[in-house]
């Protein structure tokens with residue numbers, strides 16, 4: 001993962017099975033930061049990595065939902081953000097954005113906004 005504030009624009013592309021380890025690692029990091037006052041500390045320190053890896057394996061390899069879409073953002077070969085959403089997830093509300101995460105080094109850079117915009121464009125095109 002990057003350690004300094006990035007300046008270059010990341011590459012945004014559809015996720016693949018090869019992204020599972022990096023997606024799981026970033027998702028677990030994000031949970032540790034966001035949920036440390038909500039979720040059990042033992043879970044966040046010892047179980048969340050395996051749990052997130054199982055989720056992403058299921059989502060991208062074992063049983064991907066036909067309406068699921070996942071985009072990743074890469075910078076210099078490292079995954080720095082991702083978005084996961086489900087088209088037509090609800091008959092009333094439509095598409096569900098399930099995940100939008102950025103590596104902490106990318107907070108405030110517009111990465112989240114860029115991923116959300118890319119997801120919206122992909123949803124409209126679907």
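Of the residues in the stretch 56-76, none is assigned to a loop (DSSP other than H, G, I, E, B), within 15 Å of the chain's Cα centre (by Cα) and buried (at least 18 other Cβ atoms within 10 Å of the Cβ). Among the residues of the stretch 97-115, those that are touching a strand residue (DSSP E or B) at 6+ places or on another chain (Cβ under 6 Å) and closer than 12 Å to residue 12 by Cα comprise 111, 112, 115. Applying a threshold of 6 Å to beta carbon distances and a minimum spacing of six or more residues, or different chains, the list of pairs starting in the stretch 30-48 at a residue that is on the phi > 0 side of the Ramachandran plot and ending at one that is outside any loop (DSSP other than H, G, I, E, B) is empty.
Just one of the numbered conditions (1) assigned to a helix (DSSP H, G or I); (2) under 21 Å from residue 25 (Cα atoms) is not true of residue 118: (2).
Considering (1) more than 16 Å from the chain's Cα centre (by Cα); (2) exposed (fewer than 13 other Cβ atoms within 10 Å of the Cβ); (3) free of Cβ contacts under 8 Å to residues at least 24 places away in the same chain, the lone condition that residue 8 does not fulfil carries the number (3).
Pick from 73, 120, 125: which is within 23 Å of residue 10 (Cβ to Cβ) and in contact (Cβ under 8 Å) with a residue 12 or more places away in the chain?
Working: 120 fails: in contact (Cβ under 8 Å) with a residue 12 or more places away in the chain; 125 fails: in contact (Cβ under 8 Å) with a residue 12 or more places away in the chain.
Result of the check over 73, 120, 125: 73.
The single residue among 24, 37 that is at pLDDT below 95 and either surrounded by fewer than 17 Cβ atoms within 10 Å (Cβ to Cβ) or in contact with a helix residue (DSSP H, G or I) (Cβ under 6 Å, 6 or more places away or on another chain) (or both) turns out to be 37.
The values are calculated or read from the model by the stated rules, or taken from the named source; none is laboratory data. Keep in mind that this is a model prediction, so the values were computed, not measured. Glycine gets a Cβ as well: all are built from the backbone with ideal geometry, and neighbour counts include every protein chain shown.
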